[in-house]
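What follows is a short report on a single structure.
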Amino acid sequence: MADRVLIFDTTLRDGEQSPGCSMNLEEKLRVAAQLEALGVDIIEAGFAIASEGDFEAVEAVARQCERAIVASLARANRADIERAAAALRPARRPRIHTFIATSPLHMKVKLNKSPEDVLEAIRESVTLARNLVEDVEWSAEDATRSDPDFLARAIETAIRAGATTINLPDTVGYATPETYGAMFRDMIGRVPDSDRVIFSTHCHNDLGLAVANTLAAIMAGARQVESTVNGIGERAGNAAVEEIAMALRVRHDVLPYATGIVTGEITRASRLVSGVTGMHVQPNKAIVGANAFAHESGIHQDGMLKDSSTYEIMTPESVGQSHSSLVLGKHSGRAAFRDKLETLGYQLSDNEFQDAFRRFKDLADAKKQVFDEDIVALVDDEVLRGHDRIQVTEVEIYCGSNGQRAILTLSIDGQEATAATKGNGPVDALFRAIRQLVPHEHASLQLYEVSAVTAGTDAQAEVSVVLAEEGRTTRGVGAHHDTLVASARAYVNALNKLLVKRGRSALAA
Ligand code: KIV
Ligand code: ZN
């Protein structure tokens, strides 16, 4: 039997640390449910001490998860560790994940601690965590820039204090496959009792090597990998779970390791995460990009018609992509729409279904053919925004050579308010109306981007908006067959996320 590699998913923690990305509680619970369906072994649900919202999210995910281990991050101090344990109380299988930096640079500049102080902090923090839960992971932050002799002493200290998993992160994405693999081989070979714990990888993608480094570490003995859906995460992101899982499956001949990933759930997980975070997947992204199974050149298309294995090393179905993308029209009824939603992986409540069906009917009236991509955009836009504090109720725009005006009605915490504004173009008029109704003078618009969901002049528009305010950035998305309605929805979505982030910073402060 192939060696089993555990998948530790950190989409809800490191993934949520992506610039511009934030998820509310309802979104985190949806993602956690999909992560369980995807078959990950451990879900890192957040950093309980970071804010009240993070604590609630860890607690709610811990309560919801039926199978997966649920982890909370904690620094090497009593307050963090006790907060993590409190948030994990409802978990069937709780794990405290505590970390401290071990590189000379981080110890000196960031922690202002001597190496001996760091060893003492490891001893105390892991011992405390182990008194609170059975399952304790310890991470050596910036392991790849640490002195190997000191790293070995730090790992030995963590194991003696009771750590059950030892994670060696490439925090700044500095390693190469050879150096990262060698570090694991070295540590596993020289640290006493290394066979009593599981060694884990955690790779960032600053040099585009996160997945390659992860695979090298597995070959060197790591049996847990930390990764995120779509590879989202700090800066250039983390190793992408879908790439690791498919590499192990497609190249089982040279990578004879098994995971619990249900690969047919990959596309669903990818769409959900990009929908709730607003972080679009680049078209040429491996496994889940829109072009991952598209064939453009005549030679390739000819080969594909003869035998798809000429140009495809895996099938779209194996990662959960449905075959045909042409679906419904204005005569399609509820049953067909419900069936389509199920194929696309959505499980909606009755109210959500009614809202989505109403939007679908409006779209089908405006557009002859409704494609899978349209439905994904529509449901993500309609359903996932249902819990936002501010919602777009009505948009009216007057355009042309005689000037541009917007009349906008928003529902703000359940109260409707309307503003009429002029602007330098219709988008400017619209965004001024939003600013008038919900003042946020310290936030600036960093990006406004429009793309078409499908081909054709009647295609739905998908708009992305990025707002920045005092070091916080948030990304909002909106979809509609009217570009300006989509624009209002995207801006308001980013604003809702900004309110969530403001709340978090206030509590953290
Ligand atoms: O990148 C990193 O070092 C981390 C640790 C907190 C595990 O995310
Ligand atoms: Zn990280």
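The values are calculated or read from the model by the stated rules, or taken from the named source; none is laboratory data. Quick caveat: nothing in here was measured; it's all calculated off a predicted structure. Heads up, the Cβs are rebuilt from the backbone with ideal geometry, glycines too, and the neighbour counts pull from every protein chain shown. These area figures cover heavy atoms from the full protein model, side chains too; ligands, DNA and RNA do not enter into them. Shrake-Rupley method; radii C 1.70, N 1.55, O 1.52, S 1.80 Å.
Just need a number here: residues in segment 221-240 that are in contact (Cβ under 8 Å) with a residue 40 or more places away in the chain and either within 11 Å of ligand 1 (Cβ to nearest atom) or in a loop (DSSP other than H, G, I, E, B) (or both).
Counting residues in segment 221-240 that are in contact (Cβ under 8 Å) with a residue 40 or more places away in the chain and either within 11 Å of ligand 1 (Cβ to nearest atom) or in a loop (DSSP other than H, G, I, E, B) (or both) gives 11.
Just to verify a result, which residue in segment 287-320, among those that are closer than 22 Å to Val211 by Cβ and open to solvent by 50 Å² or more (accessible area, probe 1.4 Å), is modelled with the lowest pLDDT?
Here the answer is Ala294.
Can you go through Glu462, Glu469 and tell me which one is in contact (Cβ under 8 Å) with a residue 12 or more places away in the chain, open to solvent by less than 50 Å² (accessible area, probe 1.4 Å) and touching a His at 6+ places or on another chain (Cβ under 6 Å)?
Glu469
So in segment 155-206, with the set limited to residues that are over 20 Å from Ala236 (Cβ atoms), assigned to a loop (DSSP other than H, G, I, E, B) and small (Gly, Ala, Ser), which one is farthest from ligand 2 (Cβ to nearest atom)?
Result: Gly162.
Name the residues in segment 241-260 that are buried (at least 16 other Cβ atoms within 10 Å of the Cβ) and either within 16 Å of ligand 1 (Cβ to nearest atom) or within 21 Å of the chain's Cα centre (by Cα) (or both), would you?
Once the filter is applied, which keeps residues that are buried (at least 16 other Cβ atoms within 10 Å of the Cβ) and either within 16 Å of ligand 1 (Cβ to nearest atom) or within 21 Å of the chain's Cα centre (by Cα) (or both), segment 241-260 yields Val241, Glu242, Glu243, Ile244, Ala245, Met246, Ala247, Thr259.
Counting only residues that are on the phi < 0 side of the Ramachandran plot, of a type in the set (Ser, Thr, Tyr) and within 27 Å of the chain's Cα centre (by Cα), give me the strands (runs of 3 or more DSSP E) lying completely in segment 415-486 with at least 1 of them.
It comes to 444-452, 461-469, 472-480.
Given the structure, is Arg160 surrounded by fewer than 23 Cβ atoms within 10 Å (Cβ to Cβ), at pLDDT 95 or above, within 29 Å of the chain's Cα centre (by Cα) and basic (Lys, Arg)?
Considered against the rule, which asks whether it is surrounded by fewer than 23 Cβ atoms within 10 Å (Cβ to Cβ), at pLDDT 95 or above, within 29 Å of the chain's Cα centre (by Cα) and basic (Lys, Arg), Arg160 comes out as no.
So, of the residues in segment 136-164 that are of a type in the set (Ser, Thr, Tyr) and without any contact (Cβ under 8 Å) to a residue 60 or more places away in the chain, which turns out to be nearest to ligand 1 (Cβ to nearest atom)?
For segment 136-164, the residue satisfying everything is Thr144.
Name the single residue, out of those in segment 485-509 being within 25 Å of Gly329 (Cβ to Cβ) and open to solvent by 10 Å² or more (accessible area, probe 1.4 Å), that is modelled with the highest pLDDT.
Among residues in segment 485-509 that are within 25 Å of Gly329 (Cβ to Cβ) and open to solvent by 10 Å² or more (accessible area, probe 1.4 Å), the one modelled with the highest pLDDT is Val485.
Can you give me the number of residues within segment 436-459 that are buried (at least 17 other Cβ atoms within 10 Å of the Cβ) and at pLDDT 90 or above?
3
For segment 328-356, name all the residues that are within 26 Å of the chain's Cα centre (by Cα) and in a loop (DSSP other than H, G, I, E, B).
Those that are within 26 Å of the chain's Cα centre (by Cα) and in a loop (DSSP other than H, G, I, E, B): Leu344, Gly345, Tyr346, Gln347, Leu348, Ser349.
Going through segment 8-53 one residue at a time, which ones are among the basic types (Lys, Arg), open to solvent by less than 40 Å² (accessible area, probe 1.4 Å) and away from ligand 2 (no atom under 16 Å from the Cβ)?
Lys28
Here are some conditions: (1) open to solvent by 20 Å² or more (accessible area, probe 1.4 Å); (2) in contact with a strand residue (DSSP E or B) (Cβ under 8 Å, 6 or more places away or on another chain). Leu105 meets all but one. Which one does it not meet?
The number of the failed condition is (2).
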